[in-house]
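Enquirer: Pasting a structure here, questions to come.
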């Protein structure tokens, strides 16, 4: 089971690089407000020649996460649940408690997302109000984002964070070519369902 898949994908959630004009405080404020919510859901798709990988992560403050990763070639989705310092995993079968070295990597990600985020080093350009998928959103764009494929390296990529102007919360996290010549290489969406719950698959830890 790909227990460390979280660590590699989590890096895609973080802005990178920089632009001359820095609107970073506005982006930091949006994510700080996100951490004040009861919980939220992040759903992202990453295309590849083999097909799209889909990641769904539910977070419940202050320390709970349930991640599901569906990838081409996997016999079943890889699921991970973290609560406090414990973590469990499953891939279409029985749940099992993860060994401390794996659990620590996962729970560290949860803490960084929900409680103690690392300092944001990327600079962001304020794009103002833009229309995306029929909605008016406030957009902030960072510079070139890292991508391992040779084709993507031939054209500049940028990350754009979209914020709902009414709630002040992030709603999109997109990495795509700056010229709009191709679909996004990473397309993430945040939602804020009121009924998210996360429980241990093997009984609540003590």
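The values are calculated or read from the model by the stated rules, or taken from the named source; none is laboratory data. Just so we're clear, the structure is a prediction, and the values are computed from it rather than from any experiment. As a convention, Cβ positions derive from the backbone with ideal geometry for all residues, glycine included, and neighbour counts pool all protein chains shown.
Enquirer: Do you know which residues across region 71-94 are under 26 Å from residue 38 (Cα atoms) and surrounded by fewer than 16 Cβ atoms within 10 Å (Cβ to Cβ)?
Expert: 84, 85
Enquirer: Right, another one. When you check residue 19 against the structure, is it modelled with pLDDT under 50, surrounded by 17 or more Cβ atoms within 10 Å (Cβ to Cβ) and over 20 Å from residue 174 (Cβ atoms), yes or no?
Expert: Here the answer is no, as residue 19 does not meet what is asked.
Enquirer: Given the conditions (1) exposed (fewer than 14 other Cβ atoms within 10 Å of the Cβ); (2) modelled with pLDDT under 95; (3) more than 25 Å from residue 90 (Cα to Cα), report the number of the one that residue 11 does not fulfil.
Expert: Failing condition for residue 11: (3).
Enquirer: Would you confirm whether or not region 97-107 contains a residue that is closer than 19 Å to residue 190 by Cβ, crowded, with 20+ Cβ neighbours inside 10 Å and either under 16 Å from the mean Cα position of the chain (by Cα) or modelled with pLDDT of 95 or more (or both)?
Expert: Checked against the condition, which is being closer than 19 Å to residue 190 by Cβ, crowded, with 20+ Cβ neighbours inside 10 Å and either under 16 Å from the mean Cα position of the chain (by Cα) or modelled with pLDDT of 95 or more (or both), region 97-107 yields no hits at all.
Enquirer: Moving to a separate point now. Taking region 72-112 on its own, how many of its residues are at positive phi and out of contact with any helix residue (DSSP H, G or I) (no Cβ under 8 Å at 6 or more places or on another chain)?
Expert: 2
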